[in-house]
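Before any comments, here is the structure.
The values are calculated or read from the model by the stated rules, or taken from the named source; none is laboratory data. Since the model is a prediction, treat every value here as computed from it, not as a measurement. We place every Cβ from the backbone using ideal geometry, glycine too, and count neighbours over all the protein chains shown. Just so you know, the surface numbers come from the protein's heavy atoms only, side chains and all, with ligands and any DNA or RNA stripped out. Shrake-Rupley method; radii C 1.70, N 1.55, O 1.52, S 1.80 Å.
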Amino acid sequence: MTPVLFHSTNRQSPPVNLREALLEGQAPDLGLYFPQAFPRLTPDEIAAFQKLAYPEIATRVLTPYLDGILSEEVLSGLCRDAYTFDVPIEKAYDRVYLMRLDRGPTASFKDFAAQMMARLIGRFIQEDGRQLTILTATSGDTGSAVAHAFHNLPGIRVVVLFPEAEISLRQRKLMTVLTGNVTSVAIDGKFDDCQAMVKRAFADPDLDHIPLSSANSINIGRLLPQSVYYFYAASRLAQPGESIVFSIPSGNFGDMMGAVVAREMGLPVKKIIASVNDNDEFPRFLATGVYQKVVPSRNSISNAMNVGHPSNLARLVALYGGHMDEAGRIHAPPDLRAMRRDLFSSSVSDERTRLAFLEFWEKYQLLLEPHGAVAWQGFKDWLETESLAGRPAVLIETADPAKFPELIEQAFGWSPDAPPAMSAMDTMPERYDRMGTDYEAFKRFLLAHHA
Ligand SMILES: *Cc1c(COP(=O)(O)O)cnc(C)c1O
């Protein structure tokens, strides 16, 4: 097998293997790494997943990317170690299902990528005897998933930036109770400000002596593990060769790109539905071909998706033959007709999110939280345009409802129990720094912390 190489969406940096792409995060030309060509799994290989457990499917999906870097045996051990939690699939009606990706240590789907990435990066760092600072911006759930996954890994320091006013107390605590190699910084600004500061730090020559990597969805190490659960869902719900529909609540489009990766690797997928909140830059782009960021990003109750310019769009545009730079400017248009054939996208207001949440409970007795409710409404919007034709469909629920209890409290007057690991943190002391959106101050902070 030839090793999979990753090139930058800006095409100005040399291609690298997965090990280098993981450790670097962003490419030197500020583009995002993406496979030059996807490894394909045969229909027989995919059909065999029906009988395999989640960690084994993860091993088979990820092996081709690590050829020549890690043996399949080592990878298999890492997958078994990373994926010790359930992946429940619950039936709503007919062949429409809800897949809950919320049983990891920080109760959001971000654990799927963070757990794997930390194990891979931790291993590479140890092999090289190196040090690495993981710098990450979070709209809430990335930071905690990453901080937990890398906590106490030798050679690694984690710095997490979060928008102070935009995340819940529980989300904050999941980061700020961690000590040791984890530093949390509250930014008096929006998620987009945090992301811009992180991106600038990566491009800053004054920080060249600090080995930095990102655990944001700009890191390809986030996307690849997120393709596994789409294979898993299909292995449980679709007949061999039968195509499936996914509705994915989307912010930075990392989760949704996982489904795109799965399809590129050979999984039969009829439609990928990118369900977004009021930040509607992508559905407008798909409809009109004109891309306009939402600046500033709009607040909504599905707050992990308050993203006005999803960084992963650069990868999507590249896959469809276009070029979007890191600022969101389109230099070459993608094949919009092909995009519309494969993808659907719908914007769901808070009002529609609330109604969808209630409807799902009343009709199917299944509890959602705001992000999952956006996926349900986006799916229904798609059904207005096309028929499911008897195929299976999967709505992705990205967090434990206890993590976003407001909707439930408003509707029913009670709040769901938090998973034990989370409620244990309620009484632990927090520790974090505060900062404005001034890049120079942040840079001084990074330099001081490195010493
Ligand atoms: C991060 C997150 C999302 C959005 O995922 P993207 O990969 O950024 O599109 C959706 N729901 C929850 C709960 C999240 O934490």
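So L267 passes all but one of these: (1) touching an Asp or Glu at 6+ places or on another chain (Cβ under 7 Å); (2) outside any helix (DSSP H, G or I); (3) of a type outside the set (D, E, K, R). Which condition number does it fail?
Among (1) touching an Asp or Glu at 6+ places or on another chain (Cβ under 7 Å); (2) outside any helix (DSSP H, G or I); (3) of a type outside the set (D, E, K, R), L267 violates only (1).
Residue under question is S302, and the condition is that it be among the polar types (S, T, N, Q), surrounded by 21 or more Cβ atoms within 10 Å (Cβ to Cβ), closer than 24 Å to I244 by Cβ and under 22 Å from the mean Cα position of the chain (by Cα); does it hold? Break it down into steps so the answer makes sense when it comes.
Values: among the polar types (S, T, N, Q): yes; surrounded by 21 or more Cβ atoms within 10 Å (Cβ to Cβ): yes; closer than 24 Å to I244 by Cβ: yes; under 22 Å from the mean Cα position of the chain (by Cα): yes.
Answer is yes for this residue.
Taking the residues in region 280-290 that are without any contact (Cβ under 8 Å) to a residue 40 or more places away in the chain and either within 14 Å of the ligand (Cβ to nearest atom) or surrounded by 20 or more Cβ atoms within 10 Å (Cβ to Cβ) (or both) as candidates, determine which candidate is farthest from S139 (Cα to Cα).
If we take residues in region 280-290 being without any contact (Cβ under 8 Å) to a residue 40 or more places away in the chain and either within 14 Å of the ligand (Cβ to nearest atom) or surrounded by 20 or more Cβ atoms within 10 Å (Cβ to Cβ) (or both), then F285 is farthest from S139 (Cα to Cα).
Please work out if M175 is touching a Phe, Trp or Tyr at 6+ places or on another chain (Cβ under 9 Å), farther than 28 Å from P28 by Cα and either hydroxyl-bearing (S, T, Y) or not assigned by TED's automatic domain parsing to the domain that holds E326 (or both).
Spelling it out, M175 is indeed touching a Phe, Trp or Tyr at 6+ places or on another chain (Cβ under 9 Å), farther than 28 Å from P28 by Cα and either hydroxyl-bearing (S, T, Y) or not assigned by TED's automatic domain parsing to the domain that holds E326 (or both).
Taking only region 98-127 into account, find how many residues are assigned to a helix (DSSP H, G or I) and touching a helix residue (DSSP H, G or I) at 6+ places or on another chain (Cβ under 9 Å).
Here the count works out to 16.
Would you confirm whether any residue within region 410-431 is over 25 Å from the mean Cα position of the chain (by Cα), among the aliphatic types (A, V, I, L, M) and over 28 Å from A186 (Cα atoms)?
Among the residues of region 410-431, at least one is over 25 Å from the mean Cα position of the chain (by Cα), among the aliphatic types (A, V, I, L, M) and over 28 Å from A186 (Cα atoms), which makes the answer yes.
On the given criteria, is A411 away from the ligand (no atom under 15 Å from the Cβ), surrounded by fewer than 18 Cβ atoms within 10 Å (Cβ to Cβ), free of Cβ contacts under 8 Å to residues at least 12 places away in the same chain and of a type outside the set (D, E, K, R)?
Against the criterion (away from the ligand (no atom under 15 Å from the Cβ), surrounded by fewer than 18 Cβ atoms within 10 Å (Cβ to Cβ), free of Cβ contacts under 8 Å to residues at least 12 places away in the same chain and of a type outside the set (D, E, K, R)), A411 does not qualify.
Counting only residues that are out of contact with any His (no Cβ under 7 Å at 6 or more places or on another chain) and surrounded by 23 or more Cβ atoms within 10 Å (Cβ to Cβ), which one in region 175-184 is nearest to S300 (Cα to Cα)?
M175
Being farther than 21 Å from Q171 by Cβ and among the hydroxyl-bearing types (S, T, Y): is that true of Y439 here?
Criteria met by Y439.
Quick one: in region 406-445, of everything that is assigned to a loop (DSSP other than H, G, I, E, B) and within 30 Å of V198 (Cα to Cα), which residue is modelled with the lowest pLDDT? Steps first, please.
Going residue by residue through region 406-445, those that are assigned to a loop (DSSP other than H, G, I, E, B) are 413-419, 428-432, 436-438.
From what's left, within 30 Å of V198 (Cα to Cα): 428-432, 436-438.
Numbers: M428: 90, P429: 94, E430: 95, R431: 94, Y432: 95, G436: 96, T437: 95, D438: 95.
So, considering only residues that are assigned to a loop (DSSP other than H, G, I, E, B) and within 30 Å of V198 (Cα to Cα), the one modelled with the lowest pLDDT is M428.
Look through S144, S139 and report the one residue that is within 25 Å of F85 (Cβ to Cβ) and out of contact with any Phe, Trp or Tyr (no Cβ under 8 Å at 6 or more places or on another chain).
S144
Being under 18 Å from E397 (Cα atoms), in contact with a strand residue (DSSP E or B) (Cβ under 6 Å, 6 or more places away or on another chain) and within 16 Å of the ligand (Cβ to nearest atom) is true for just one of D111, D102. Which residue is that? Even if it seems obvious, please write down each step before you answer.
On the way: D111 fails: in contact with a strand residue (DSSP E or B) (Cβ under 6 Å, 6 or more places away or on another chain).
Exactly one of D111, D102 is under 18 Å from E397 (Cα atoms), in contact with a strand residue (DSSP E or B) (Cβ under 6 Å, 6 or more places away or on another chain) and within 16 Å of the ligand (Cβ to nearest atom), namely D102.
Could you figure out which of (1) closer than 12 Å to A262 by Cα; (2) more than 13 Å from the ligand (Cβ to nearest atom) isn't true of Y229?
All conditions pass for Y229, except number (2).
Does T136 satisfy being farther than 17 Å from R222 by Cβ, of a type in the set (V, I, T) and touching a residue at least 40 places away in the same chain (Cβ under 8 Å)?
no
Please determine whether any residue of region 224-235 is within 19 Å of M339 (Cα to Cα) and open to solvent by 10 Å² or more (accessible area, probe 1.4 Å).
no
Of (1) crowded, with 24+ Cβ neighbours inside 10 Å; (2) within 18 Å of R60 (Cβ to Cβ), F246 satisfies all except one. Which?
So F246 meets the others, but not (2).
Is one or more of the residues making up region 381-402 among the basic types (K, R) and either in a helix (DSSP H, G or I) or within 16 Å of the ligand (Cβ to nearest atom) (or both)?
No, that holds for no residue.
Hey, among E90, E73, which residue is in a helix (DSSP H, G or I), among the acidic types (D, E) and either away from the ligand (no atom under 13 Å from the Cβ) or not assigned by TED's automatic domain parsing to the domain that holds R236 (or both)?
Details: E90 fails: in a helix (DSSP H, G or I).
Result of the check over E90, E73: E73.
Taking only pairs six or more apart or across chains, which ones have beta-carbon atoms under 6 Å, a first residue in region 23-45 that is among the small types (G, A, S), and a second residue that is surrounded by fewer than 19 Cβ atoms within 10 Å (Cβ to Cβ)?
A27/S13
What about V269, is it in contact (Cβ under 8 Å) with a residue 24 or more places away in the chain and open to solvent by less than 10 Å² (accessible area, probe 1.4 Å)?
Here the answer is no, as V269 does not meet what is asked.
Could we say that S168 is open to solvent by 10 Å² or more (accessible area, probe 1.4 Å), closer than 20 Å to R103 by Cβ and modelled with pLDDT under 95 here?
Taking the combined requirement at face value, the residue satisfies it.
Scan region 350-368 and report the pairs whose first residue is of a type in the set (S, T, Y) and whose second residue is in a helix (DSSP H, G or I), with Cβ atoms within less than 6 Å and a gap of 6+ or a chain change.
Pairs found: T353/P370; T353/A373; T353/V374.
Only one of D67, D86, D81 is within 19 Å of M422 (Cβ to Cβ) and not basic (K, R); which? Show your work before the answer.
Working: D67 fails: within 19 Å of M422 (Cβ to Cβ); D81 fails: within 19 Å of M422 (Cβ to Cβ).
Being within 19 Å of M422 (Cβ to Cβ) and not basic (K, R) holds for just one of D67, D86, D81, which is D86.
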